[in-house]
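Presented below is the structure to which this report refers.
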Ligand SMILES: C[S@@+](CC[C@H](N)C(=O)[O-])C[C@H]1O[C@@H](n2cnc3c(N)ncnc32)[C@H](O)[C@@H]1O
């Protein structure tokens with residue numbers, strides 16, 4: 001799609017990574033001329049391929065800023081808005097969707113953002129092989145693919161294995177922020193996260209004394225998928241879980 005070395009690689013981790021179950025649908029994606037232009041010009045400076053070969057040097061990539069990982073940024077509007085609102089946080093934004101990568105690069109350039117890096121490939125490979133323990137100040141998963149059919153539930157990204165993998169790369173106190181408009185997935189996320197020994201629910205207690213879903217944090221802008229869900233009458237749920245310090249006594 002791009003001249004060699006100029007844009008995101010089509011399958012950056014190649015066949016050396018097990019990818020029997022993926023949380024995304026590989027799709028042939030058409031990029032617009034302006035997305036292509038952004039990818040050609042800006043990828044070498046702001047993009048990186050998730051090749052699963054060598055760990056990332058986050059302090060060098062983000063000039064020492066605390067780094068939040070956003071998994072599945074889609075077209076990146078919410079990413080750019082959150083990055084602009086918080087220039088003291090680095091955003092490592094991951095997706096496999098080439099048009100979205102071009103779109104986010106364009107938005108970041110327009111707004112003069114220097115705290116966003118766009119990663120191309122599977123977030124699970126990134127977490128597993130390219131991030132050191134306790135490296136992240138937060139993880140965001142906004143409107144992950146709901147995989148509504150039962151036989152596809154295994155593709156949902158929010159599962160116990162993912163949650164513990166993410167936890168291992170998060171610093172104590174870091175927030176895992178998920179949102180979804182798919183009620184059965186929201187219930188499953190709440191169950192999985194509540195059962196995790198690595199996190200505590202950071203939502204305020206409800207009238208019944210139980211912590212469940214969180215009110216939508218003001219810092220999270222409406223995302224493109226969220227808007228589509230709201231138009232269909234779906235209810236949106238936010239989940240906020242804080243990484244516990246597993247080294248703490250008692
Ligand atoms: C339903 S969309 C939501 C996009 C955006 N967060 C929004 O709310 O508009 C989910 C996105 O997650 C991406 N995705 C799913 N699994 C992924 C993975 N393992 N690694 C990277 N991106 C992934 C998909 O490509 C897709 O763009």
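Tabulated results
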quantity	calculated
Residues within the stretch 129-151 that are near the ligand (Cβ under 9 Å from one of its atoms) and either more than 13 Å from the chain's Cα centre (by Cα) or not in a strand (DSSP E or B) (or both), tallied	4
Residue within the stretch 49-58 that is within 14 Å of the ligand (Cβ to nearest atom), touching a residue at least 12 places away in the same chain (Cβ under 8 Å), on the phi < 0 side of the Ramachandran plot and within 16 Å of the chain's Cα centre (by Cα) present	yes
Test: residue in the stretch 80-89 that is out of contact with any helix residue (DSSP H, G or I) (no Cβ under 6 Å at 6 or more places or on another chain), crowded, with 17+ Cβ neighbours inside 10 Å, closer than 22 Å to residue 243 by Cβ and in contact (Cβ under 8 Å) with a residue 60 or more places away in the chain	yes
Selection count, the stretch 101-116, where residues are under 20 Å from residue 2 (Cα atoms) and surrounded by 22 or more Cβ atoms within 10 Å (Cβ to Cβ)	5
Any hit, the stretch 27-47, residues being within 13 Å of the ligand (Cβ to nearest atom), at pLDDT 95 or above and within 24 Å of residue 155 (Cα to Cα)	no
Residue 126, sole failed condition from (1) within 8 Å of the ligand (Cβ to nearest atom); (2) surrounded by fewer than 22 Cβ atoms within 10 Å (Cβ to Cβ)	(2)
Qualifying positions in the stretch 158-173 - within 14 Å of the chain's Cα centre (by Cα) and either under 20 Å from residue 220 (Cα atoms) or away from the ligand (no atom under 11 Å from the Cβ) (or both)	158, 163, 165, 166, 167, 169, 170
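The values are calculated or read from the model by the stated rules, or taken from the named source; none is laboratory data. What you are looking at is a predicted structure, and each value in this text was computed from that prediction instead of being measured. Every residue, glycine as well, gets a Cβ built from its backbone with ideal geometry; the counts of neighbours run over all protein chains shown.
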